[in-house]
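Engineer: Mind having a look at this structure? Questions to follow.
All of the numbers you see were taken from the coordinates with simple rules; none came from a lab. What you are looking at is a predicted structure, and each value in this text was computed from that prediction instead of being measured. For neighbour counting, all protein chains shown are included, and Cβ atoms are generated from backbone atoms with ideal geometry for every residue, glycine included.
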2 protein chains.
Amino acid sequence: MEHVDRGDQADRADRVVGERRRRRPTKSGTVLSDDVIVDCAVRLIGHQGAEALTVRKLGAALGCDPTAIYRYFRSTDDLLLAIADFLIGETLVGYRPGPDWVASLRELGLRVRDGYLRHPRVAAIAAARVTRRHNEFRAVEMGVSLLLSAGFSPADAVRYYRAFIDTVLAHAALEASYTALAPEVRAADDRSWEETYNTLPKADYPAIGTVRRHLAEEMAGSPFEDVLDLVLESLARRV
Amino acid sequence: MEHVDRGDQADRADRVVGERRRRRPTKSGTVLSDDVIVDCAVRLIGHQGAEALTVRKLGAALGCDPTAIYRYFRSTDDLLLAIADFLIGETLVGYRPGPDWVASLRELGLRVRDGYLRHPRVAAIAAARVTRRHNEFRAVEMGVSLLLSAGFSPADAVRYYRAFIDTVLAHAALEASYTALAPEVRAADDRSWEETYNTLPKADYPAIGTVRRHLAEEMAGSPFEDVLDLVLESLARRV
DNA sequence: CATCTTATGTCAACACCATTGACGTAATTC
DNA sequence: GAATTACGTCAATGGTGTTGACATAAGATG
């Protein structure tokens with residue numbers, strides 16, 4: 001796993017306790033920290049699914065009492081935000097905006113989507129949240145900066161950054177939750193476009209009948225890049 | 001409540017039992033059925049909020065033992081899908097595509113989104129799934145038909161329908177899962193744009209510093225209509 | 001009308017879940 | 001070496017979905 005920027009004081013401002021000095025090993029010997037907990041949680045979700053993120057299972061995986069986690073995070077929601085921010089940081093590793101703002105936003109969008117797809121189960125629960133943490137600040141800064149450099153007014157830069165990032169996050173989350181489905185369920189969904197939809201009576205569904213041959217092919221892939229380009233295309237015209 | 005098309009046999013194929021003949025009144029006198037349960041669940045969510053959809057509370061609202069629900073639905077997930085199907089039907093009630101395909105698609109998008117927002121918890125779970133049911137067929141037929149009438153080739157009509165509907169569903173789901181959050185959590189997320197983001201050092205985050213005054217306002221609302229227009233604008237240009 | 005069958009409402013119980021408060025002890029500080 | 005306290009542990013509370021046994025009313029059969 002690549003190094004993820006974990007931020008500085010700004011990140012820790014709302015942690016349960018500030019600077020840690022005393023660390024007491026758990027019964028099983030491991031020494032806890034926020035980072036250890038987040039890493040373990042990400043691995044747990046990736047391996048067992050989103051529903052495995054419970055304080056009890058996390059405690060078991062960490063080898064500590066479940067309630068020890070509350071010494072580091074105020075609630076499971078607080079922990080969830082930390083996990084989400086970890087994800088954002090992972091997607092930003094190595095990213096540098098270039099002079100072409102459209103191309104740069106496009107790459108940012110593709111990166112976020114790739115990062116989310118790499119941890120679909122985390123993405124499905126975290127996409128809608130505002131993490132209020134370091135890595136999210138960095139992403140907002142980059143995106144808004146690109147739109148400002150494109151020539152948008154401050155108000156429009158914020159407005160269109162929101163439209164852009166929500167589109168990316170929304171599609172990423174949708175795709176992620178689809179990826180997270182059980183393989184046989186997903187396969188059945190894919191097949192339905194050639195099976196179920198191909199058997200619909202043409203009299204009742206003339207349009208579906210007309211495009212019948214293209215359904216399976218076009219519905220199988222992801223529309224993400226299409227949508228990204230549609231949105232960026234309109235943005236470029238509005239600047 | 002308006003009449004919602006409940007479909008035919010295809011819908012009922014996976015019900016717990018087939019044709020019901022015997023109906024025994026509950027302790028409180030009401031007679032149960034799948035439709036009664038779904039209606040009650042929808043009302044419950046609408047009235048008491050998202051977190052009210054539990055078998056116990058639903059049982060209380062129906063005036064029956066919570067476990068009676070399992071005579072009609074295999075699990076709460078099964079119930080959720082039935083509710084989702086009901087929802088899709090609801091969003092389509094009274095919808096008629098007009099001669100202007102852009103305006104018609106726009107209205108379809110807004111309708112789907114409104115329907116989802118009215119029951120956010122259901123939407124958050126159901127958006128990623130392909131229901132393969134009656135009301136989904138109707139929606140696909142309408143959308144593809146509109147794009148064909150616009151002049152797109154069959155292949156492009158399918159491709160862009162996918163881009164369009166995924167954008168609508170993805171944003172609706174994102175917004176819905178945000179709406180489904182506990183009120184105090186959502187309030188904290190909202191506040192963060194004026195609080196946390198306004199206190200970030202301008203030296204480290206120059207772009208955020210520049211747009212500071214617009215953050216709270218622009219981030220508070222929904223970018224849905226903006227995105228819808230951005231996508232439709234590009235589509236109209238590509239036809 | 002009487003009897004049989006069974007659909008289905010009810011009940012108790014189980015195994016989870018997040019979260020809180022009290023408690024003891026080990027780690028740091030002085 | 002004593003004092004302080006961070007923090008891991010434990011017990012308990014009140015929520016959740018779900019299952020299996022049980023009982024009884026509705027409908028079928030005669």
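Engineer: For chain A, find the longest principal axis of its Cα atoms and tell me its angle to the long axis of helix A:101-118, 0 to 90°, nearest 10.
Structural biologist: Value to nearest ten degrees: 70.
Engineer: Taking a ≥ b ≥ c as the square roots of the eigenvalues of the Cα gyration tensor of the stretch B:100-239, is the shape rounded (a/c under 1.5), prolate (a/b larger than b/c) or oblate?
Structural biologist: Verdict is oblate for the stretch B:100-239.
Engineer: Hey, another quick one. Nm distances between the label at B:GLY49 and the same-position labels in the remaining copies, 7 Å along Cα→Cβ, shortest first?
Structural biologist: Copy-to-copy label distances for B:GLY49: 2.8 nm.
Engineer: Any idea which of A:ALA173, A:THR67, A:ALA50 is furthest toward the positive side of the dipole for chain A, if Lys and Arg beta-carbons carry +1 and Asp and Glu beta-carbons -1?
Structural biologist: Of the listed residues, the answer is A:THR67.
Engineer: Where does chain A land at 222 nm, in deg cm²/dmol rounded to the nearest 500, when only DSSP H runs of n ≥ 4 count, each adding -39500 (n - 2.57), divided by all residues?
Structural biologist: For chain A, the value works out to -20500 deg cm²/dmol.
Engineer: Mind running the shape call on the protein assembly as shown? Use the C-alpha gyration tensor, a ≥ b ≥ c as the square roots of the eigenvalues: rounded below 1.5 for a/c, prolate if a/b tops b/c, oblate otherwise.
Structural biologist: Oblate.
Engineer: Sorted from fewest to most neighbouring beta carbons within 10 Å, what does the list A:TYR160, A:TYR197 look like?
Structural biologist: A:TYR197, A:TYR160
Engineer: How far apart are the A:ALA220 label points across copies, placing each 7 Å from Cα toward Cβ, in nm, shortest first?
Structural biologist: Reported distances to equivalent positions: 4.8 nm.
Engineer: Which FRET efficiency value, to the nearest 0.05, do you get for B:THR210 and A:ASP77 by plugging their Cβ-Cβ distance into 1/(1 + (r/R0)^6) with R0 = 22 Å?
Structural biologist: Computed FRET efficiency for B:THR210 and A:ASP77: 0.10.
Engineer: Could you calculate the FRET efficiency of B:ASP100 with A:VAL102 from 1/(1 + (r/R0)^6), where r is the beta carbon distance between them and R0 is 25 Å, rounded to 0.05?
Structural biologist: 0.25
Engineer: At 7 angstrom along the Cα-to-beta-carbon line, where would the label on B:ASP35 sit relative to the other copies? Give the distances in nm, shortest first.
Structural biologist: Spelled out, the distances from B:ASP35's label point are 6.1 nm.
Engineer: In nm, what is the difference between 0.36 nm times the number of residues separating B:ASP114 and B:ALA203 and their Cα-Cα distance?
Structural biologist: Full extension of this stretch gives 27.9 nm more.
Engineer: With charges set only on the Cβ (+1 for Lys and Arg, -1 for Asp and Glu), what does the dipole of chain B come to about its Cα centre, in debye to the nearest 20?
Structural biologist: 1020 debye
Engineer: Sort B:TYR161, B:TYR95, B:TYR178 so that the residue with the fewest other Cβ atoms within 10 Å of its own Cβ comes first and the one with the most comes last.
Structural biologist: Ordered by Cβ neighbours within 10 Å, fewest first: B:TYR95, B:TYR178, B:TYR161.
Engineer: Would you mind ranking A:HIS134, B:HIS119, B:HIS171 so that the residue whose beta carbon has the fewest other beta carbons within 10 Å leads the list?
Structural biologist: A:HIS134, B:HIS119, B:HIS171
Engineer: Once each part is reduced to its C-alpha centroid, what is the distance from the stretch B:66-135 to the stretch B:138-157 in angstrom?
Structural biologist: 21 Å
Engineer: Here's something else I'd like to know. Using a Cα-Cα cut-off of under 27 Å, which lysines could be cross-linked to B:LYS27, ignoring same-chain neighbours fewer than 8 residues away?
Structural biologist: B:LYS57
Engineer: Mind putting a number on the dipole of the protein assembly as shown about its Cα centre? Charges go on the C-beta only, +1 for Lys and Arg and -1 for Asp and Glu, and I need it in Debye to the nearest 20.
Structural biologist: The calculated dipole for the protein assembly as shown is roughly 1560 debye.
Engineer: What's the FRET efficiency of B:VAL239 with B:GLU194 using the Cβ-Cβ distance as r and R₀ = 45 Å, to the nearest 0.05?
Structural biologist: 0.60
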